[in-house]
Amino acid sequence: MTLARLELRHPSGSTPILVGAGALAQVGDLAPFIDGRRAFVVTSTAVSTLQWHALEPLLERAGHYEVLEVPDGEEAKRLSVFEDLCRRMALAGGKRDSLVVGFGGGTVGDLAGFAAATFLRGIDFLLAPTTLLAQVDAAIGGKTGVNLPEAKNSVGAFHHPLVVVSDTRLLQTLPVAELRSGLVEIIKIAALANPDLLTDVERDFGRLLGADASVLARVVEQAAAAKIEIVESDPTEKGRRKLLNLGHTLGHALEAACAYRELRHGEAVGYGLLFVLRLAESRGLPRSDAGRLRGLLERLRLPALPPLAAGDLVERICRDKKVSENGVTWVLPARIGEARLVDDLPLDEVRAELETFLGDDRPGRP
Ligand code: GLY
């Protein structure tokens, strides 16, 4: 199968992003930098048990490799896990020319990238994302980091991988909840940057949730290309890249309020998107566009939210790392394919809207 080769240009160079079924088996010649290097494969037990065979062709080219297993999910992004990982690399003889290979979902990639960004003041890494969410979002753009108990992703660095290999064949074994979580990020990027992608997702919705290989490969490529265009225009998130936080303002607060256990990242962002549709409708988002996006998100059948207090969520929103001295910047859809940054939303309005949102008409309520 032919691979799509995208390219992300950034201040420290350029990262090829290879997308397609079987990409990991075909990538060897495109990644000569791995030859003879000491590689540290950062992965979770679940991923290495299910998917190890896919990484082997790439690792055969390394001089020597060590597998460093870390927990799955947000547990991977605890400071103690980061410390332990760096110490294991040091004990195993890690050098400045060693290479980190992040093989897993978004959290494993964030941790692996942050270890690469900081170990010996920065070493090379490559990412082989294994979830839909990581292939369309987390692995693209050079954001690496870990969490503090106080706030998600609050310790981190921009550090771009040498290459991203998104083997869409790996998506075939994902549980449907994981596909749904990734699909939310695809709907997000389509909503703010690519109306054609939104139409494709509406048409191919069932095939996407059924992990249809050809549809997934096409959609991952389109979503990645849309994200690349935005990241290239604002690599360190001074302005336009903030649009990618559409749905994340409430999404991050929901994840934290659920102690990163009850909701997957994409599911929390799904609720975040549903919420901003309400805020945006009173600020000019056409009703028909809001209805289209709401309809698509409702087809996902997000898991029901546990009981949550609007006041607590507003406090968490105000503590998020993205909040500046000027307050919370919201991303609101303007119409399909376009979103805008709004930093003058009164907190009282947000709280009142959130109370209604969390009340009787809450989507996903059983
Ligand atoms: N996930 C949002 C970004 O990369 O900017």
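The values are calculated or read from the model by the stated rules, or taken from the named source; none is laboratory data. Here the structure is a predicted model, which means the values were calculated and not measured. Cβ placement follows ideal geometry from the backbone for every residue including glycine, while neighbour counts extend to all protein chains displayed. All accessible areas refer to the heavy atoms of the entire protein, side chains included, with ligands and DNA or RNA removed. Shrake-Rupley method; radii C 1.70, N 1.55, O 1.52, S 1.80 Å.
Spin-label model, F205/D348: points 7 Å from Cα along the beta carbon direction are separated by 3.8 nm.
Amide hydrogen proximity for V155: with H placed 1.01 Å from N in the peptide plane, the residues at 5 or more positions away or on another chain lying under 5 Å are V146, L148. For the chain, set up a Gaussian network in which alpha carbons nearer than 10 Å are linked by springs, and say which option among L216, L18, L296 fluctuates the most. Among L216, L18, L296, the largest mean-square fluctuation in the Gaussian network model of the chain belongs to L296. Here the dipole of the chain is about 280 debye; that uses its Cα centre as origin and unit charges on the Cβ of Lys and Arg (positive) and Asp and Glu (negative). Computed on protein heavy atoms with a 1.4 Å probe, the accessible areas place H248, H159, H64 in the order H64, H159, H248, largest first. Distant-in-sequence amide contacts of T329, defined by a placed amide H-H separation under 5 Å and a gap of 5 or more residues or a different chain, comprise S324.
The heavy atoms of S288 present about 80 square angstrom of accessible area, all protein chains included, probe 1.4 Å. Helix 176-193 versus the longest principal axis of the chain: what is the Cα-based angle in degrees, 0 to 90, to the nearest 10? It is inclined by approximately 70 degrees.
For the chain, what proportion of DSSP beta bridges, expressed in % and rounded to the nearest 5, is antiparallel? Walk me through the numbers before you get to the answer.
Values: 17 of 39 bridges.
Roughly 45 percent of the DSSP beta bridges within the chain come out antiparallel.
Here the gap between F33 and R96, fully extended at 0.36 nm per residue and compared with their Cα-Cα distance, gives a gain of 21.3 nm. Relative to the dominant Cα principal axis of the chain, helix 213-233 is inclined by about 80°. Which residues does a label at T2 reach in the range 8-42, if reach means a backbone N under 14 Å from a point 7 Å past the Cα toward the Cβ? The answer is 19-21. Residue-wise HN-Hα couplings along the range 145-154, as the Karplus relation 6.51 cos²θ - 1.76 cosθ + 1.60 with θ = phi - 60° gives them from phi, are x, 10, 9, 9, x, 6, 6, 5, 6, 8 Hz; Gly and Pro carry x. Hull surface divided by four, with the convex hull built on the Cα atoms of the chain: how many nm²? The Cα convex hull of the chain, projected and averaged over all directions, gives 16.6 nm².
What does the helix-only formula give at 222 nm for the chain: each DSSP H stretch with n ≥ 4 adding -39500 (n - 2.57), the total divided by the residues, and the result rounded to the nearest 500 deg cm²/dmol?
Value at 222 nm, helices only, nearest 500: -13500 deg cm²/dmol.
Distant-in-sequence amide contacts of A339, defined by a placed amide H-H separation under 5 Å and a gap of 5 or more residues or a different chain, comprise A334. Karplus-derived 3J(HN,Hα) values for the range 60-72, using 6.51 cos²θ - 1.76 cosθ + 1.60 with θ = phi - 60°, are 4, 7, 6, x, 6, 9, 10, 9, 10, 7, 9, x, 7 Hz; glycine and proline are entered as x. Approximating the spin labels as points 7 Å out from Cα along Cα→Cβ, the R335-to-S14 distance works out to 3.5 nm. Quick check: Cα centre of the range 29-77 to Cα centre of the range 259-321, how many Å? A separation of 35 Å, based on Cα centres. Peptide packing for 219-229, 136-146 was compared via the average number of neighbouring C-beta atoms within 10 Å per residue; ordered from the highest value, the list is 136-146, 219-229.
The angle between the Cα long axis of helix 347-358 and the longest principal axis of the Cα atoms of the chain comes to about 90 degrees, rounded to the nearest 10. Largest first and in whole Å, the equivalent-ellipsoid semi-axes of the range 38-124 read 18, 17, 10, each the square root of five times a Cα gyration tensor eigenvalue. Note that the range 237-242 has calculated 3J(HN,Hα) couplings of 6, 8, x, 4, 4, 4 Hz, one per residue in order, obtained from phi through the Karplus relation 6.51 cos²θ - 1.76 cosθ + 1.60 (θ = phi - 60°); glycine and proline are x.
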